[in-house]
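S.K.: Take this structure, written in structure tokens, and hold onto it; I'll ask about it next.
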Amino acid sequence: MVASLDNVRGLTLAMSSSAFIGSSFVIKKIGLKKAGDSGARARAGSGGHSYLYEPLWWLGMVTMILGEIANFAAYAFAPAILVTPLGALSIIFSAVLAHFILKERLHMFGVVGCILCVVGSVGIVLHAPKEREINSVEEIWHFATQPGFIVYSCVAVVGALFLIFWAVKRSGHRKMLVYIAICSLMGSLTVISVKAVAIALKLSFSESNQFIYVQTWFFIFVVIICCLVQLNYLNKAMIISPFQDWVSQSATQIATQLCGFVTIVAGTFLLHKTNTSSTDRHAESAPTPPPPPPPPPDQICVQG
């Protein structure tokens, strides 16, 4: 890892973000359970909003916002290829806290998934490139308008629109993969825009106002649109960055980062499958209600 001060700051902020976001899931789930158990109002799953009256849910929401702010700030200091994969650590925090607080058992495959996420994160951190020196938003705009990234952006937008207006209507309510695909496509565009806005704020605080450029406001607009879409379809973003931080790296470093990313994806998949399988087993083990008793003889009607 290139041990620069900015990378250390970005790493610290990214890990803090994962801790806050992972904790927020557990806190909000406790709040949702309390709101559902109260019975005074309709549950959230039934279209109700009783959770809005639950302080614990709001505590979880504030914790999540703090995590997102830390994640946003991390992009101003460290490369996107370092910050984005570390978001998977929030799953580990959530799984471990749920095991001890919510008494949701973490099975062996879940433990293996957590270990894979940690190993993948360590591999990426150790070989993270040094952040490219950027002096204005116009430089970011130059990278973002390269032909390769423009083609990818068009494909991502068209793909997301196809999923939203065609695939969701046919399978979205039954297959969460469609929602995740939408969030991944939009999330890949969010990374470049968030990084641009974060660097614009960083430079503006250094007495180099970046909000006089139209490009800054364009990136802010893209962030707002992408975040709204991701909030609607449950955010899970992937890594696509036009900054070319890998240009100064060797083939071994690039390969190690790719292996780390694949390891994180495998760990996340195992954690998700463990949670899904546990839910299915719980549903299967639920007692089947007994059949209704037969009517008494005097109520049986004889036809003919």
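Bear in mind that the values in this text are calculations on the coordinates, not laboratory data. Everything numeric in this text was worked out from a predicted model, so none of it was measured. Counting neighbours? That spans all protein chains shown, and the Cβs are built from the backbone with ideal geometry, glycine included.
S.K.: Over 20 Å between Cα atoms, which of 33/169; 130/195; 28/103 qualify?
M.R.: On the way: 33/169 30 Å; 130/195 15 Å; 28/103 15 Å.
Correct reply: 33/169.
S.K.: Another question, if that's okay. Select from 142, 121, 203 the residue farthest towards the positive end of the dipole of the range 103-222; place +1 on Cβ of Lys and Arg, -1 on Cβ of Asp and Glu, and compute about the Cα centre.
M.R.: Going by the Cα projections, it comes out as 121.
S.K.: Pop out the ³J(HN,Hα) list for the range 206-219 in order, Karplus 6.51 cos²θ - 1.76 cosθ + 1.60 with θ = phi - 60°, rounded to Hz; leave Gly and Pro as x.
M.R.: Computed from phi, the couplings for the range 206-219 are 9, 6, 10, 4, 9, 7, 8, 9, 4, 4, 4, 5, 5, 5 Hz.
S.K.: What FRET efficiency, computed as 1/(1 + (r/R0)^6) with R0 = 25 Å and r the Cβ-Cβ distance, is obtained for residue 34 and residue 232, rounded to the nearest 0.05?
M.R.: Working: r = 26 Å, r/R0 = 1.02.
So, using R0 = 25 Å, E works out to roughly 0.45.
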